[in-house]
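Read through the structure below, which is laid out as structure tokens, and then see the notes.
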Amino acid sequence: MKDDESIEQMYSRFQTLVSGLQILMKCYVSSDHVSKILRSLPARWRPKVTAIEEAKDLNTLSVEDLVSSLKVHEIGLNEHEPARKVKSIALPSEDESPDGDSYENPTEKMAMLSNKLEYLAKKNRKFLSERGGYKSFKKED
């Protein structure tokens, strides 16, 4: 059984496989079908599988009884399990280009760049004046 598959879907696939095997003259008894269904359940069903194996005789248990028991348990699992998150794709807005830059004209970009450079130059001058100017950064030969 697949993780995202319901008991009804799994049982439908199982019946298709059993019908195909009957056409090929491969017939199995009901207890074999029950054990194969129980083995095919995913790990989150292990507690229920163990409970069925302990409480019921697998040689006399019918496939229909097993499937109805599993359906009831599936309803309980789905009630306690939070809804799965759906993955979404984020698309760029109309105001921005795909690379994240906004659609500004080149003169506005140049003005912003020059403002940033002036700010950094003032900040650098202040730092150098506190440290004694360029003299402390010169290499000594």
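Side notes on the structure shown:
- Among 38-44, 114-120, the peptide with the highest mean count of other Cβ atoms within 10 Å heads the list, and the full ranking is 38-44, 114-120.
- Taking 0.36 nm per residue of sequence separation and removing the Cα-Cα distance, the Leu113/Thr60 pair yields an extension gain of 10.9 nm.
- Calculated FRET efficiency for the pair Glu81/Tyr28, C-beta based, R₀ 35 Å, to 0.05: 0.60
- Taking trypsin sites (Lys or Arg not before Pro) across region 1-32, the ones in a DSSP loop with at most 11 further Cβ atoms lying within 10 angstrom of their Cβ are Lys2, Lys26.
- 18 Å tail of the calculated P(r), region 7-80, as % of Cα pairs: 39
- Taking label points 7 Å from Cα along the Cα-to-Cβ direction, Leu120 and Ser35 give a separation of 7.4 nm.
The numbers here are math on the coordinates, done by the rules we state, and not lab data. For clarity, every value in this text was computed on a predicted model and none was experimentally measured. All Cβ positions, even for glycine, are placed from backbone atoms using ideal geometry, and neighbour counts span all protein chains on display.
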